[in-house]
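Structure record follows, encoded as structure tokens.
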Amino acid sequence: MSTAPPLPQNISASTVANTTSLLRILALGLISAAAIASRLFAVINFESIIHEFDPWFNYRATRVLAAKGFYEFWNWFDPTAWYPLGRVVGGTVYPGLMATSGVIYNFLHYFNLPVDIRNVCVLLAPGFSALTAWATYMFTKEMKDPSAGLLAAAFIGIVPGYISRSVAGSYDNEAIAIFLLMFTFYLWIAALKQGSALFGTLAAVFYFYMVAAWGGYAFITNMIPIHALVLLLMGRYSGRLYVAYCSWYAIGTLSSMQVPFVGFQPVRTSEHMGALGVFGLLQIVAFATLVRSHVSSKQFQNLTAISVVSLGLLGALAFIVMTYKGWIAPWTGRFYSLWDTGYAKKYIPIIASVSEHQPTAWPSFFMDLQFLIFLFPAGVVMCFRDLRDEHVFVIIYALVASYFAGVMVRLMLTLTPVVCVSAAVALSSLLDTYVDVKEPSLPDATEADKKPASSGAVGSHAGTSAAAVASSTISDIFNAAKSTKTSKPKGIWGTDARIVILLNAIGMLVFFVFHCTWVTSSAYSSPSVVLASQNPDGSQHIIDDYREAYYWLRMNTPQDAVVMSWWDYGYQIAGMADRGTLVDNNTWNNTHIATVGKAMSSTEEVAYPILRKHDVDYVLVIFGGLLGYSGDDINKFLWMVRIAQGVWPDEIQEPNYFTPQGEYRVDDRASDSMKNSLMYKMSYYRFSELYGGGNALDRVRNQHIPKVGPTLDYLEEAFTTENWIVRIYKVRKEDPLGRDLKTANAFAQGKKRKRGRVGSRRRAIV
Amino acid sequence: MGSKSPSGLIAKGYTVTLRAPKDEQPLLIQDGLPNFSHVTLLASDNKHFAKDITPQSLVELLTLGTNLMLTVGPKQNLLTSLAPEFSLLLPPPATPLVSFFPERSDPANVVSIDIKSKPTPNDTFSVFSAAVEGNIWFSGTPFALGSNPLLFPILSAPAESFAADLTDAPGLVSDALVEASEKGGEGLWAGSSLAVVAGFQTLIGGGTGHGADSGPGEDKQARVVWVGGSSLFSDEFANKKVVEKVKDEQGLKVVEKPSANKQAALDIAAWAFQERGVLRIDSVSHRKVNTTGTPEMYTTNDEIIYNVKISSFNPINRKWEPYSAIKDLQLEFTMLDPHVRTALPAVRSIPGTYSTRFRAPDRHGVFKFVINHKRKGFTHLHHTATVPVVPPRHDGYARFLSAAWPYYAAGDAREEKKSKKE
């Protein structure tokens, strides 16, 4: 066979094999290094600090684990969170992340490496991203070949969609969960391919780890059964499927029930019923197959077929009855919000209020995945070419994850791995085709006029190679389906065609790398605890108001003081200020959050008894009006109102907070409810004084604040940070004379008291 | 001032500093700290006072724990604007208490009040000691009491007395009073619902027992006594005889008795200056049954024993003595709402100790032991202690579950099989 460039001939097969495996190991090592390195922007640009909100809780929990040991962590009751309800942390947490850090920490200390637990936490996510790259390599290798695997590993290593959740300091469950997700899927595919109970068991073990690590485990719980079900429907039932699925399901479910937070959910809730149903179905099908193999008569076979169908129907009916009776918990609201994007806003505002639960905007697909999003469909289509069992898996995964990623920004994370895998399959097919130096043998005379046209099409569409590959693949399938009799020689003639395509592909890859680096460094590496802005001379200016306020609380308030704030800041207050909070980011109690929302959106007189009942000593609000920091509490205020309205529809009504024209205003046209609300008062208290008593401008909303600012009777200002981002108020105690504080304040300021009437006495008859 | 109180107070061991209304020194509050433990304002006829004596500074004195004794005069002055803060309603200026009964030679605005008519503030506690007997001479302004629960009458006006303006004698009722009645309602300025001496016990912070207001704080509780006229304390009234007509065999007989003013004044001062009715919580302890030492947290359904030691101040030997006489002490175990509310009876064998035993609710959370005892005349007792109640530990659950008997049976069966094989 002829080749385009000449190839060296005198190399033994073993040398080739050794060299390729060495190169693969080297490539994987470099990919891991790149994956870790690109996640360190956050540490270099800022410092080694825990990011955002949830990681602060994980970090705090890990510290407890490291200091007191696993059993104390297991039984940890946190009396400072959700005051006064408290939080049974051991039973309401996915402990996988903390346990992983604890193991690493103890391992390092066993070898006398005194690494601080904070650094273990900060660097855990980058470390696991290297493992994710490896797991993706293994998974993609099962799909196509090692070279596709290497491409997939490289993609997942630096793709922003995954980096967004795994930069250094982003110490969240997702940091280890994506590795576990990919590795469990790999083990499942391996188990399915070989019909191996060992791999099935391993898949179950990693499934257990995943359950212990992230609530998103339900994705695996449903993906594998759907795959098995589709294989069944495709008539691909085999002993391998039976062994792989049953070993995974039995061991995985039993072990997942050992996680206290999960408990009996795998047998009690609708989200887990699919897996159980498929398990039952497999038993029936296996039994039927067994019977069929032993019984020859046609009638008997029909009988088994009927009994199988009726048994399946009976099982489904039983499931419906049990749901109806309440033995199986129905689908949760979170689940419904996946089907109806408007559902959460209507019924569970607490979920809708989280920005990462919003539907995904189109640009963010490009931002997070860049050119992979174009290759992704091509890769999925190529999976149809072979359509082995594992390809079915990728196709289902792609469909399901694409839908979910469109519904929720957050679920972009689950889409990213399959995009990387599919894109790698597509790109590696392209490269295989064009790097392959073999020239095709000369075509038959009948084919001669067809082929050049086809290759010419490839050349002319070189600019959009993804489309080209897709179209050529489709035509391949089309041709394969059309004419199976004559096998056409396929291939590329000449070096120039190859170079054009390869240069193009490499160019795209280079652009991808630049894009990923830019997105990572500019968008995904901000700790959000520390804000950065630019000085006029271009140098970086750090705005550190959050930590300033939290450290003020830590240093100046009693140890058992309770701080009320909107739930976003609960974990940070607990982690950095070490003070009790009413609500935090573990939004388990809607009523408690609504109580805070009500206090924030009511007048002082209404809010004060609530504050006192909950022993609140300080109230913390975030105010961005001075700096133009848009993520402040006034912008979140409507969510507080909505959530409070959900529980107290008679007392709090959203329309009251708008102007009659339906505008959301904070200037002198603001509605009375708005102006009298605690949140408004705390945000703009003394704000106009800052501007010398006039023309105070709120830079977030671009509105002028009235000259006479709000007054506070039941709270007093305790602390305001440098840039006014965090304002802390102290709740005043009851008046010693038993008056309400408004009257007491008026008296203290020397205002004349209106002479009150004595209510209950008889009136004189005139 | 011609008052008998200072000598009586000095005899009790008080150091008395006298200050004329317009003297600038000594200041009531210096550098944010009160200069005196108790302050009495007897200059009721004055209209103007020194700069540092304002309604606001008097209230500040109360928050700093200084007791006040205030006497209201016929003219309007700073007390007129202070009184509403205590929900005390003063009649219009120059309308003293007037009574024409019983018939007597004294002017109508010098009223004798029978002390035994009603124990004040209630049956469990009386400001006046048993030594006060007979009638008290009073001349001055009465006041109506508003709805503030911290306020109570110490000495009520006689039933047949009323507030009136004596200067326009023919009508007896001034326009100002009519106007005030219009506002306040009929009968506001007449009868025994008027008080001539009223007591007020201040609240201390409400007390969440948490953060900034943890700790007892009884020492910051202050008392205020409002007196309708300073003549109550005067020597003239103390020496003035009370003329009574007593029935005997020969018909009516006129008996002259000494007035109770002197002892009453001392008793009023004793209550105001926190000699009587002063309680405090010495110590609080709680523990699990069958253990010693206060635990950091309780488990749900634990049996808890709660003890509190209360003592009262004995003014005679100036010592705190155990006090077991509270009959209605209650303990609450609250998380947002009281989950347990139980009586806290006195322990007979140990004086001053109150104890109870109860089961923690089957509910985890941060609970508070709350004692909130507010009775008129006594210092308020308020104490909270925060304690988390946690679910059982992972190894704290029952080992044998009745629901699991099939599995136990299966296990037994296997064991038997095994042993048979061997």
### Message
Within region A:340-354, name every residue whose backbone N is under 20 Å away from a label modeled 7 Å from Cα of A:Y403 along the Cβ vector.
### Response
A:340-345
### Query
Sequence-distant or interchain residues sharing an amide H contact under 5 Å with B:L27, placed H: which?
none
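Sum up the charges of everything whose Cβ sits under 9 Å from the Cβ of B:Y306, counting Lys and Arg as +1 and Asp and Glu as -1, but leave B:Y306 out. Let's see the in-between values first.
Values: positive: B:R287, B:R357; negative: none.
Residues near B:Y306 contribute +2 overall.
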### Task
For A:K707, list the aspartates and glutamates whose Cα falls under 12 Å from its own Cα; do not include residues on the same chain fewer than 8 positions away.
A:D667, A:D668, A:E689
### Message
Taking R0 as 35 Å, what FRET efficiency do you get between B:N290 and B:R363 from their Cβ-Cβ distance, rounded to the nearest 0.05?
### Response
0.95
### Query
Roughly how many nanometres apart are two label points built 7 Å out from the Cα toward the Cβ at A:L303 and B:D114?
10.9 nm
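In Å³ and rounded to a whole number, note down the convex hull volume per residue for the Cα atoms of the protein assembly as shown.
Working: hull volume 364.6 nm³, N = 1188.
Dividing the Cα hull volume of the protein assembly as shown by its residue count gives 307 Å³.
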### Query
Based on DSSP H runs of at least 4 residues, each adding -39500 (n - 2.57), what is the mean residue ellipticity at 222 nm of chain A after dividing by all its residues, to the nearest 500 deg cm²/dmol?
-19000 deg cm²/dmol
### Query
What is the distance, in nm, between label points placed 7 Å from the Cα along the Cα-to-Cβ direction at B:Y407 and at A:W588?
2.3 nm
### Under 5 Å, built H, 5+ apart or other chain: amide partners of B:A222
B:T202
### Task
Decide, for region A:192-331, between rounded, prolate and oblate: order the square roots of the alpha carbon gyration tensor eigenvalues as a ≥ b ≥ c, take rounded if a/c falls under 1.5, and otherwise choose prolate if a/b is larger than b/c, else oblate.
oblate
### Message
List the residues, sorted by chain then number, that are 5 or more residues from B:H339 or on another chain and whose placed amide H is less than 5 Å from its amide H.
### Response
B:F333, B:T334
## Note on the structure
Among B:L70, B:L401, B:L266, the residue with the largest mean-square fluctuation in a Gaussian network model of chain B built from Cα contacts under 10 Å is B:L401
#### Entry: Karplus-derived HN-Hα couplings along region A:515-520 (A = 6.51, B = -1.76, C = 1.60, θ = phi - 60°), whole Hz, x at Gly and Pro
4, 4, 5, 5, 4, 4
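Given a Förster distance of 45 Å, report the FRET efficiency between A:Q358 and A:Q9 from their Cβ-Cβ distance, rounded to the nearest 0.05.
0.15
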### Query
From the square roots a ≥ b ≥ c of the eigenvalues of the alpha-carbon gyration tensor of region B:1-69, which class results: rounded (a/c under 1.5), prolate (a/b over b/c), or oblate?
oblate
### Task
Could you pull out the pairs from A:K675/A:K733; A:K345/A:K675; B:K51/B:K319 whose alpha carbons sit more than 27 Å apart here?
B:K51/B:K319
### Message
Give the separation of the Cα centroids, region B:1-59 to region A:70-99, in Å.
### Response
58 Å
#### Entry: Backbone N under 18 Å from the A:N635 label point (7 Å along Cα→Cβ), restricted to region A:33-65
A:52-53
### Query
From a point 7 Å beyond the Cα of B:D45 in the direction of its Cβ, which residues of region B:73-108 have a backbone N at a distance under 13 Å?
B:73-75
### Task
Evaluate the distance, in nm, between pseudo-label points positioned 7 Å from the Cα of A:S255 and of A:A318 along their respective Cα→Cβ axes.
2.7 nm
### Message
Out of the trypsin sites (Lys or Arg not before Pro) in region B:260-321, which ones are loop residues according to DSSP with at most 11 other C-beta atoms within 10 Å?
### Response
B:R318
### Message
Can you sort A:E717, A:E734 from fewest to most other Cβ atoms within 10 Å of each residue's own Cβ?
### Response
A:E717, A:E734
### Task
Return the single residue from B:I310, B:I371, B:I350 with maximal mean-square fluctuation; model: Gaussian network over chain B, springs between Cα atoms under 10 Å.
B:I350
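Out of the trypsin sites (Lys or Arg not before Pro) in region A:521-612, which ones are loop residues according to DSSP with at most 13 other C-beta atoms within 10 Å? All intermediate terms of the calculation are to be shown ahead of the outcome.
Values: sites: A:R547, A:R554, A:R579, A:K598, A:R612; in loops: A:R579.
Here no trypsin sites (Lys or Arg not before Pro) fit, given the DSSP loop and packing criteria.
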### Summary
If the chain between B:H394 and B:K22 were fully extended at 0.36 nm per residue, the gain over the current Cα-Cα distance would be 126.7 nm
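Hand me the trypsin sites (Lys or Arg not before Pro) from region B:34-85 located in a DSSP loop with no more than 12 other Cβ atoms within 10 Å, in residue order please.
On the way: sites: B:K47, B:K51, B:K75; in loops: B:K47, B:K51, B:K75.
Those satisfying the criteria are B:K47, B:K51.
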### Task
Report the calculated FRET efficiency for A:V230 and A:W327 (r = Cβ-Cβ distance, R0 = 35 Å), to the nearest 0.05.
0.80
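Each value in this text was obtained by applying a stated rule to the coordinates, not by laboratory testing. Small disclaimer: the values here were computed from a predicted structure and weren't measured. Methodologically, a virtual Cβ is constructed for each residue, glycine included, from the backbone with ideal geometry; neighbour enumeration extends over all protein chains shown.
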